[in-house]
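A short worksheet on the structure shown next.
FYI, it's all coordinate maths here, none of it is from the lab. A quick note: this is a predicted structure, and the numbers were derived from the prediction, not measured. Don't worry about glycine lacking a Cβ; one is built from the backbone with ideal geometry, like all the others, and counts go over all protein chains shown.
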Amino acid sequence: MRVATGGFSHETNTFNPRRTTLERIRRDGLYLVGPAVLEHHRGTRTVLGGFADAAAEVGMELVPTFFATHGPSTGLIDREVVTHTTERLVEGITAARPDGVLLHLHGAAAADGISDPEAYILAAVRQAVGRRTPIVVVYDLHANIGPAWAEHADAIVGYKTAPHTDLYERGVDGVRILARTLRGEVRPVVRLAKPPVLVKSGLMSMTDAPLALIKPPMYWLMARANELERRPGVLNVSVAAGFGDADVPEAGMTMLATTDGDPALAQRIVDELAALAVELRRGFATDLVMMAPAQAVDRAVSTPLWPVILADQGNNTAGGSPGDGTAILAELKRVGWPDAALFIADAQAAVAAHGAGVGGPFRMAIGGKLEPSNGDPVEVEGRVRLLSDGQILDQHFGLPVDLGRSAVVRCGHTDIVLTERPCSQYHPGFFRQFGIEPRDKRITVVQSAHLFRDEFEVREHIPRTIIEVDSPGITNPNARRFQYKNLRRPIYPLDEIEEGEAAARVAGTRA
Ligand SMILES: [Zn+2]
């Protein structure tokens, strides 16, 4: 079994004005050709790490071709990125003369003039290998999947967790389905359905988290999908929550089922799940559970139930915020710099702190420079506590991260981590690597919608209170506050959806 592998991963926030160029991917992201694709991922808990291990187990020879990614999420991708990636993948796959193809495509990319880049890549790969060579895709839960995916892929496997903790396992699933297909044991067929439901950030979480008041609908959708997956003849059932921060026709949820040669069964499964998503849609009304920044900070400084995590919803760097939102920073200043820690991506400020040196005075207006809705710059005055080259480890995924020159500036009792490049602090290790222990801080602000819950809450039990902060910024979960031009309509929550009408729409989007 000779299998060509590779992929493309980008989550495009089309509301972020910073374009994603090929140059940025080469400089700040990953651009891997040939053997480097597997060398980089081997031994990690990533999708390609799962591909590598599982392939060895089933006796599959993997031929690495090309892999490009840029994280965290940024703005609209240049068309050239997609055409270039497609060419490199097709070139590598064609040269490999493979029996099968195994791709990791994130699924939430959006490019200039190409609203569904993964479908574009899949169409080209399909054309290159022909109909007889099976193609298996593993995608991220936040994928915006268009109907064309099901035309070109033989099996589609998505993450089942948010925060994502099963990248590796889904990579293994992809390999196993492909191996069984190549041995002639199964003949996979995919169907998908798109319920008219759009979700943005926070309430996509499906962690069975003790501090969550109500389980979000995603939890129940995935529970049902997992039950359906255990039925005879079913190879995979996946629910893509979608990425509502991209204004593309494909944005929003997708239900996918891969069965063994039974399209009718696959269709029944995705129709049932799509109807369930419509039934549960009101559970995604995020305005019910968020608190304004001023109230959130007042509550955080006064509650006896600390450590408190403030989840900066509008400034979620994992979802495409540039990471310099100042809504919470301004409130911390208002209450006199309490015992708190937070990150602000501000290259100019980080460099200035390096100029001041450890122990030196720091005075500057920071943040609020990269994106107009992120608040105004906030004047801060403090001392430089620590300087760093910003080479840290993302302990959640086990991958190195380059934050550029970084510094910790202390104002009163507040530690501000200034970095050249943004990161999303979904692991306490992001703070620890800058000498800050979230367990000992009254308030830790995370630029994360929900990914932080797994490490902070479920694994380490750090917070006694978590507050979802209704901060402005392009990742605010309330879709009604944004102007969508390209999205398919009607879609909840931008439009009211009647259940009968929704059922008809679901049927109309069958692939
Ligand atoms: Zn994701």
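Here are the numbers for this structure:
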item: Cα centre as origin, Lys/Arg/Asp/Glu Cβ charges: the range 2-284 dipole, Debye; result: 160
item: Cubic angstrom per residue, convex hull over Cα atoms of the range 1-141; result: 101
item: Proxy reagent accessibility, fewest Cβ within 10 Å first, across His152, His413, His41; result: His413, His152, His41
item: Spatially proximal lysines relative to Lys485 (Cα-Cα < 18 Å; intrachain offsets below 8 disregarded); result: Lys200
item: 0 to 90° range, to nearest 10: angle between helix 263-279 axis and the chain longest Cα axis; result: 30
item: Hull volume in cubic angstrom per residue (convex hull over the Cα atoms of the range 55-96); result: 80
item: Neighbour cut-off at most 12 other Cβ (10 Å), DSSP loop, GluC sites (Glu not before Pro), the range 102-185; result: Glu185
item: Alpha-carbon Rg with Dmax, taken over the range 86-139, Å; result: 11.1, 33
item: Viscosity 1.567 mPa s, temperature 4 °C, Stokes-Einstein D of the chain from Kirkwood C-alpha radius, µm²/s; result: 56
item: Rel. contact order, % - alpha carbon contacts under 8 angstrom, at least six apart, the chain; result: 17
item: Translational diffusion of the range 291-476, µm² s⁻¹ [Kirkwood Rh, Cα pairs; Stokes-Einstein; 4 °C; 1.567 mPa s]; result: 82
item: Kirkwood Rh (inverse of mean 1/r, distinct Cα pairs), the range 220-370, angstrom; result: 19.7
item: Sorted by Cβ neighbour density within 10 Å, fewest at the top, the residues Phe431, Phe243; result: Phe431, Phe243
item: With Cα atoms, 0 to 90° folded angle of helix 293-302 axis to the chain main axis; result: 60
item: From the C-alpha gyration tensor of the range 2-284, square roots of 5λ in Å; result: 26, 23, 17
item: Angstrom value of the Kirkwood radius, inverse mean 1/r, which spans all Cα pairs in the range 419-506; result: 16.2
item: Length-normalised contact order of the range 2-284 in % [C-alpha pairs under 8 Å, at least 6 apart]; result: 20
item: Radius of gyration and maximum dimension Dmax of the range 26-67, Cα, Å; result: 10.7, 36
item: Extension reserve of the Asp389-Ala36 stretch, reckoned as 0.36 nm per residue once the Cα distance is removed; result: 124.6 nm
item: Order of Thr254, Thr317 - criterion: other Cβ atoms within 10 Å of each residue's Cβ, fewest first; result: Thr317, Thr254
